[in-house]
Every structure is written in C-alpha cells, then in structure tokens.
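**Q** Sharing a structure below in structure tokens format, with a few things to ask.
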Amino acid sequence: MQLFATADFAPPPSLRLRRDRAERILNGLRAAVVFLLTAAALMYAPHLSRALNIANVAVLAPLLAWTVAQYLIWYGHPELPDWLSAVNPIVDVTAVTAIIGGYAIAQSGVLALRSPIFLMYFVVLAGRPVASSVHKAAFISTLAFLQYAILLGWLWATNRIPISVNPIDAVQLARITPLDEGAKLVLLAVFGIVSTYATSWVEHLVREASKESAERQRVVTRLVQSELDTLKLQLNPHFLFNALNSAMALIASDPPAAERMVSELSDFLRLVLSTSSEQEVPLERELGLLDRYVAIQRVRFQDRLTVSCNIEDGVRGALVPSLLLQPLVENAIRHGISPRAGAGYVQVTARRLGDKLSITILDDGVGVRARRSRERSRGTGLGLTNTTTRLIHLYGENHEFESGPRDEGGYAVRITIPFKLGRPAAGRNGAELNDSLATAVKS
C-alpha cells in the first residue's frame, strides 16, 4: 500500500455511519473539555489578571456556543453534515492557537508557550482516523503545524519571548529555548503524519473489506443461482417422467390419444425451454404454460378433470417464479384428482393484497391422508419441496407458503410473495389465455 491513499475512494455507508458516530462522540468530548476549561477559568479568575480573563472568555465562549449549537441544529438528523468533520477540527486547532496567542498578548510569551494547552493539538489530531478522510486528516495536520509555526514566528518577531540557547538557563531565567520549540514542531509534524497514515490505513482496510464482501456476495449469488437452476432442471424430468408414463399407458388402449399427448408435450417443453434462463416471469406467461400442461392432462382425464383460473385484474403482469403453477397443479391432479373414482376440479386463484401477490391452488381430491400415503408410496412430493426451496432462495422471509387440507375436502396450497410488475408477455393477452384454458379443460 502507498504511504497515503491517493485514489478516489467513496466510503461505503457503513464507514460513513461510523464516522458520523465518531464525530458525535468527539463533539461530546469537546463539550466536556470546554466545560472543564470554562470551570477552571472561573476558578482561576480571581487570581488572574483582567487581560487573561478576557482572553479566556474571548476563546472559550465562542467555542462553547459552537459546540452547543451543533446539538441543537444537527443532532436530531440521521446524519451530520459532511463538512462538519472538517470544520470542527479547524475550529479546535484555531482555538488552541488563539488561546496561546491570547495568553502571550495578555501576559507573556513564556507563559503562553509553557501552557499545557499545547497538548490539545495532539488530542485533535488523534480523532482524525476515526472521523475524517485522508485529505481532511492531512489538511488538519498541516494546519496545526503551520499555525503553531506561524505563532512562534510572530512571538519571536514581536520580541514577546526571550530566547536562551541553554535549556537550563531558559528554565531558571523564564526564557524560551529554540531547541524545545523546535522539538515541539517536530513532534507535531510526526504526529500529524502518523494521524494521516492511520486514516489512510483505516480507509485501506475498509476498501479491502468492501471488496471482499462484494466478492463473497457475488459468490453467494452465483451459488444461489446455480441451486435455483438445479431446482428448475429437476422439475422438467419429474414432469416429463410422469407425462411419458401417461402416454405409454394410452398407447395400447388409445393410440390417437397417446399421439395427441406427445404432441402437446412437445409444445409444452418448447415453451419451458424458452424461459429456462429466467427465474421470474410474468404471471401471464405462467398461465400460458399451464394452458399447455392442462391440454396434456385433458387427453388422459377427458371429462373427469375441470381446471379453472380466477385471476384478478391487474395481476397478470406480476412477476412470479418460473414453473411455479405447473408443478403445483400437477401435484393436485396426480395426488388429489387421479385417485378419485369420479370427476374432480382444480382451481387457481391470484389476487393482489396490498404490496403482496397471493396465489392459491386448491382441489377437491382424496384429502390429506390419502395424499400423503400416496406420496410416500411413490416417493414423490418433489413439486412442493422444490417450490418451497425456490421461494426461500428468491424471497427469504418476505414470502409465505402454506399447504394443508381444506374443510370442504381436498387440498390447498397458498403462496404470498412480493408484488412486482414485469413486462407484459408477448403473444396472447391474459383474457385469451384464461378463455383458452377454460375451453380446453372444462367439460
């Protein structure tokens, strides 16, 4: 890594929030320090000259007002203004320089330079890595060094500080040695560099963490996409196996019907392959697939099967997982209607509930006990299992899936997913699909 990051770096929201929180904490510390200094100034006021008291008030009063004003104006907002992280340290550094200069004017340069208020420069710089960017930290470090250097030059030029090269004489005679002040400047410069480097290091760590997080997210997304694709691919052989078994059963008894079923199966698979790369499709397209699937089942069940669709206006363009309806309707026909001696029906309902899309598939089949016994004996149930897993991957906790027996008899599956509109499907409109489906399967 370079000594300081020079490339443009847009901090992620997490870093901005941490810097915002750090600035709030630093402002709280600033308020505490200013209150302590004000209390100390009040305690020492009777023993100080009028000029020193005026210097304290001239610096501490505006600083205290600025600190309190921040709480009143901005602290009710979710985030502080971005410029505040630059203005606050500028105010702090300038206040430290001003109070040292004020003491030099009011009393003496020696008193001013030996005052422990000089240490506040380091306190201001120490907060830069957690609250500022690299550019702001470098600017504040440079500002602190220049202000103190200019202050020393002004005090020396105006003869406000007596100079003594010998440090022992400087202490005994109340003078200032250039070596001490030079050491202060060196320490201030070194601390400024360290503060700026620490800020750069923090940004470097955040940048690397952001890259790693984004890469992990891409890997997770690819894994989820692969699993979703696998789940979809499992549905096609599952349906194909069932359809071919039905066609084989018709070959001996009704060859023309078997031929029609294979033809309808070819059309259905062509439509499935056309949407194989999409995880979500408009509901209207799913109804088109369901139309072809029911046409296949019509060859086998004839007038024993009735399938109806009750689709609310305005929801046909809503996005749903591709191959959502067919496996659920197939499950209802295969395990609910097929074991019945008489006719049965399957009803598909879709309607909007606020920002959700509700889909219900119900039948009047043999019921939950016979259904579960049949599924266990045949090792099936793939449609419900895959549907549940796909919904979890696509919507997480933002969906509902319920399945169980109906009070009137039969079985029901209810799905609730977020309502999202997609592009209208090409080809026949929703009314034509619904009419075609009803004509194809209603006796």
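**Q** Determine the share of region 39-84's accessible area contributed by carbon and sulfur atoms, expressed in whole percent, with a 1.4 angstrom probe.
**A** In region 39-84, the share of accessible area belonging to carbon and sulfur is 72 percent.
**Q** Could you pull out which residues in region 181-219 have an amide N less than 14 Å from a spot 7 Å beyond the Cα of Thr158, following the Cα-Cβ vector?
**A** No residue qualifies, since no backbone N sits under 14 Å from the label point.
**Q** Shifting gears a bit: Per-residue counts of other Cβ atoms within 10 Å, averaged by peptide: what ranking do you get for 347-359, 143-155, 39-51, highest first?
**A** Top of the packing list down: 143-155, 347-359, 39-51.
**Q** Identify all aspartates and glutamates with a Cα-Cα distance to Lys356 below 12 Å; exclude those on the same chain that are fewer than 8 residues away in sequence.
**A** Cross-link targets: Glu400.
**Q** Give the ranking of His335, His204, His393 by solvent-accessible surface, highest area first, calculated with a 1.4 Å probe.
**A** Largest accessible area first, the list is His393, His204, His335.
**Q** Could you work out the relative contact order of region 127-210? I mean the mean sequence separation of Cα pairs under 8 Å and 6+ apart, divided by the number of residues, in percent. Walk me through the intermediate numbers first.
**A** Working: 69 pairs, mean separation 38.8, N = 84.
Relative contact order here is 46 percent.
**Q** Further question: What FRET efficiency, computed as 1/(1 + (r/R0)^6) with R0 = 45 Å and r the Cβ-Cβ distance, is obtained for Ala209 and Ala174, rounded to the nearest 0.05?
**A** Calculated transfer efficiency: 0.25.
**Q** Can you give me the Rg/Rh ratio for region 55-122, using Cα atoms for both radii and the Kirkwood formula for Rh? The partial results should precede the final answer.
**A** On the way: Rg = 14.4 Å, Rh = 13.3 Å.
Across region 55-122, the Cα-based Rg/Rh ratio is 1.08.
**Q** Identify the residues of region 190-208 with backbone N under 17 Å of a label point that sits 7 angstrom from the Cα of Thr142 along the Cα-to-Cβ direction, or state none.
**A** Only 190-200 pass the distance filter.
**Q** With the crude spin-label approximation of a point 7 Å out along Cα→Cβ, what separation in nm comes out for Leu185 versus Ala126?
**A** 2.5
**Q** Under a Cβ-Cβ cut-off of 15 Å, what is the net charge of the residues other than Ala252 that fall near it, where Lys and Arg count +1 and Asp and Glu count -1?
**A** Net of charged neighbours comes to -1.
**Q** With a Förster radius of 25 Å, plug the Cβ-Cβ distance of Val262 and Ala343 into 1/(1 + (r/R0)^6) and report the FRET value to the nearest 0.05. It would help to have the intermediate numbers written out before the result.
**A** Details: r = 25 Å, r/R0 = 0.99.
Approximately 0.50, to the nearest 0.05.
**Q** Sorting Met248, Met261 by accessible area (1.4 Å probe), largest first, what list results?
**A** Working: Met248 125, Met261 5 Å².
Ranked list, largest accessible area first: Met248, Met261.
**Q** Here's a follow-up. Give the ranking of Glu259, Glu212 by solvent-accessible surface, highest area first, calculated with a 1.4 Å probe.
**A** Highest to lowest solvent-accessible surface, that is Glu259, Glu212.
**Q** Between Trp74 and Leu42, what is the label-point separation in nm under the 7 Å Cα-to-beta-carbon projection?
**A** Inter-label distance under the simple model: 2.7 nm.
The values are calculated or read from the model by the stated rules, or taken from the named source; none is laboratory data. What you see is a predicted model, and the numbers here were worked out from it, not measured in a lab. When we count neighbours, we look across all protein chains shown, and the Cβ atoms used for this are built from the backbone with ideal geometry, even at glycine. Note: areas computed on protein heavy atoms with side chains; ligands, DNA, RNA excluded. Shrake-Rupley method; radii C 1.70, N 1.55, O 1.52, S 1.80 Å.
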